[in-house]
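Here the structure comes first, spelled out in structure tokens, and everything after it is commentary.
The values are calculated or read from the model by the stated rules, or taken from the named source; none is laboratory data. Computed from a prediction, not measured in an experiment: that's the story for all the values here. With ideal geometry, Cβ positions are generated from the backbone for all residues, glycine too; neighbour counts draw on all protein chains shown.
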């Protein structure tokens, strides 16, 4: 599913309510994902976490994001570890005020899109 998010000074200011939850019981995240080259790593993917705005918990810094990057975004519940959502997004276009991504369920789907 292709979608766009509004940017202000490389900060994401528009949200998808299916991906991120805004409640004190949830933690939202967004990261650049790459394959892990470390043979001893526990995860096959390496997460480079994007900064969260200090003024508001509703903005992620996207200055390092380039076209072609794969992002992992979602939320997790503070008390119930089974309640979480994660999607993978391939960046297809980025301008000064808009980022366009292709949303997939798995890293492999996003990598092959």
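What the table below lists for this structure:
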read-out: Odd one out for residue 47 among (1) farther than 12 Å from residue 61 by Cα; (2) under 13 Å from the mean Cα position of the chain (by Cα); (3) surrounded by fewer than 13 Cβ atoms within 10 Å (Cβ to Cβ); (4) modelled with pLDDT of 85 or more; value: (3)
read-out: Among residues of the stretch 96-113, those that are over 13 Å from residue 73 (Cβ atoms) and in contact (Cβ under 8 Å) with a residue 12 or more places away in the chain, counted; value: 8
read-out: All positions within the stretch 94-113 that are surrounded by 13 or more Cβ atoms within 10 Å (Cβ to Cβ) and under 14 Å from residue 12 (Cα atoms); value: 94, 99, 100, 101
read-out: Number of the condition not met by residue 46 [criteria: (1) in contact (Cβ under 8 Å) with a residue 12 or more places away in the chain; (2) closer than 22 Å to residue 3 by Cβ]; value: (2)
read-out: Residue check for residue 54: in a loop (DSSP other than H, G, I, E, B), more than 17 Å from residue 1 (Cβ to Cβ) and free of Cβ contacts under 8 Å to residues at least 12 places away in the same chain; value: yes
read-out: Residues (part of a loop (DSSP other than H, G, I, E, B) and either within 19 Å of residue 103 (Cβ to Cβ) or touching a strand residue (DSSP E or B) at 6+ places or on another chain (Cβ under 8 Å) (or both)) located in the stretch 39-51; value: 44, 50, 51
read-out: Pick from the stretch 61-93, criterion more than 20 Å from residue 45 (Cα to Cα) and modelled with pLDDT of 95 or more, ranking: surrounded by the most Cβ atoms within 10 Å (Cβ to Cβ); value: 92
read-out: Among residues of the stretch 11-31, those that are part of a loop (DSSP other than H, G, I, E, B) and either surrounded by 17 or more Cβ atoms within 10 Å (Cβ to Cβ) or more than 14 Å from the chain's Cα centre (by Cα) (or both), counted; value: 8
